[in-house]
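Read through the structure below, which is laid out as structure tokens, and then see the notes.
None of the figures in this text is laboratory data; all of them are computed from the coordinates on show. Just so it is clear, the structure is predicted and the values come from calculations on it, not from any experiment. A quick note on method: Cβ atoms are made from the backbone with ideal geometry, for glycine too, and the neighbour counts reach across all protein chains shown.
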Ligand SMILES: [Zn+2]
């Protein structure tokens, strides 16, 4: 089954619902989709509702609940769990739902004047009638880069990582900055190195909570590793045939690594899950 996001009018009845709160979804042994009309007859604290697209032929709606919500036979499961273990199209659906849910939760009041907003019919926008502003879902561009030096790649550990895992460098694009500039700045800040010959590899939506990761390979151009305090607890060069534990296989971080390793070792190139 394929997931396709689109705008659906929540006034329409029927369809299926995903039940969301704060990066978590209610799920039972059948999964995360519940008959929507049935859900609305349950005694659930619904904060808002969005029509988000189609899973196969079925219309899907996001029901935003208070975190205290419970439903018999169901438990809250994190979006991250679905990324690590779930089926790919289900994760794409939930990733989209979570970003719409985050946007809705953060724009129930106007950021300009503080008045309550309302959902604009026919459009994915929250409208403030008091100051006539409109608030759309936000995407935060960020870059992720694998720095390479022949048969070696630079990998680093953040204190937030799972024990032992090393990954690529990443950071948010700042206002007024190009992505290319961001790559050079972040690499310099995090590990003190200069890079050259950036190659854009691909992108991936990263719903934690609303990033768009733009992935690059970049060649080492100079400098010695100097780690940024608090951000990086270890950074070092690894040979492509002798790598430490790596990030989850569906992540663009892992793709950047696997692709470079495949090219150096003459193996079939992997494809990026999008
Ligand atoms: Zn306002």
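Using the per-residue mean of other Cβ atoms lying within 10 Å as a proxy for protection, in what order, highest first, do the peptides 176-187, 114-125 fall? Intermediate values should be presented prior to the final figure.
Numbers: 176-187: 17.0, 114-125: 13.2.
Ranking, from highest mean packing down: 176-187, 114-125.
Return the whole-Å distance between the Cα centroid of the stretch 131-181 and the Cα centroid of the stretch 28-88.
With the stretch 131-181 and the stretch 28-88 each reduced to a Cα centre, they are spaced 30 Å.
Calculated FRET efficiency, residue 233 and residue 188, Cβ-Cβ r, R0 25 Å, to nearest 0.05?
Numbers: r = 18 Å, r/R0 = 0.73.
Result of the calculation: an efficiency of 0.85.
Is the shape of the stretch 11-89 best called rounded, prolate or oblate, per the rule: a/c under 1.5 gives rounded, else a/b larger than b/c gives prolate, else oblate, with a ≥ b ≥ c the square roots of the Cα gyration tensor eigenvalues? Don't skip to the answer; put the middle values down first.
Working: a/c = 1.59, a/b = 1.11, b/c = 1.44.
Oblate is the answer for the stretch 11-89, as a/c is 1.5 or above yet b/c matches or exceeds a/b.
Sketch the reach of a paramagnetic label on residue 151 as a point 7 Å from Cα along Cα-to-Cβ, and name the residues of the stretch 209-234 whose backbone nitrogen lies under 18 Å away.
Within reach of a label on residue 151: 220.
Enter the angle in degrees (range 0 to 90, nearest 10) between the Cα long axis of helix 252-265 and the first principal axis of the Cα atoms of the chain, meaning the one along which they spread out most.
40
Residues in the stretch 74-98 near a label at residue 30, defined as backbone nitrogen under 13 Å from the 7 Å Cα→Cβ point?
In the stretch 74-98, the label zone of residue 30 (backbone N under 13 Å from the point 7 Å along Cα→Cβ) covers 74.
Can you tell me, using C-alpha contacts under 8 Å and at least 6 residues apart, the relative contact order of the chain as a whole percent? Intermediate values should be presented prior to the final figure.
Values: 538 pairs, mean separation 40.7, N = 274.
Here the relative contact order equals 15 percent.
Just to verify a number: FRET efficiency for residue 80 and residue 58, C-beta to C-beta distance, R0 = 30 Å, to 0.05?
Numbers: r = 25 Å, r/R0 = 0.83.
It comes to 0.75.
If a/c stays under 1.5 just call it rounded; otherwise compare a/b with b/c (prolate if a/b is bigger, oblate if not). Do that for the chain, with a ≥ b ≥ c from the square roots of the Cα gyration tensor eigenvalues. Don't jump to the answer; show the numbers that get you there.
Details: a/c = 2.42, a/b = 1.76, b/c = 1.38.
Prolate is the answer for the chain, as a/c is 1.5 or above and a/b outweighs b/c.
Once you place label points 7 Å from the Cα toward the Cβ at residue 112 and residue 22, how far apart are they in nm?
Rounded to a tenth, the inter-label distance reads 3.1 nm.
At a 10 angstrom cut-off on C-beta neighbours, averaged per residue, how do the peptides 16-29, 45-58 rank from highest to lowest?
Values: 16-29: 20.4, 45-58: 16.9.
Ranking, from highest mean packing down: 16-29, 45-58.
Nearest 10 degrees is fine. How inclined is helix 179-191 to the longest principal axis of the chain, computing both from alpha carbons?
60
Remind me, relative contact order of the stretch 128-274 in percent, using alpha carbon pairs under 8 angstrom and six or more residues apart?
So the answer I get is 28 percent.
Under 12 Å from the 7 Å Cα→Cβ point of residue 161, by amide nitrogen: which residues of the stretch 206-247?
Residues 232-238, 243-247 qualify, since their backbone N sits under 12 Å from the label point.
Give me the distance in nm between label points sitting 7 Å out from Cα along the Cα-to-Cβ direction at residue 140 and residue 120, one decimal.
2.4
Would you mind classifying the stretch 44-191 by shape? Square roots of the alpha carbon gyration tensor eigenvalues, ordered a ≥ b ≥ c; an a/c under 1.5 is rounded, otherwise it is prolate if a/b is larger than b/c and oblate if not.
Values: a/c = 2.39, a/b = 1.45, b/c = 1.64.
Cα axes put the stretch 44-191 in the oblate bin.
Report, to the nearest 10°, how far helix 88-106 tilts away from the longest principal axis of the Cα atoms in the chain, using its own Cα long axis and a range of 0 to 90°.
Value to nearest ten degrees: 70.
Using per-residue counts of other Cβ atoms within 10 Å, averaged over each peptide, order 4-11, 138-145, 90-97 from highest down. Intermediate values should be presented prior to the final figure.
Values: 4-11: 13.4, 138-145: 19.0, 90-97: 23.2.
By packing density, highest mean first, the sequence is 90-97, 138-145, 4-11.
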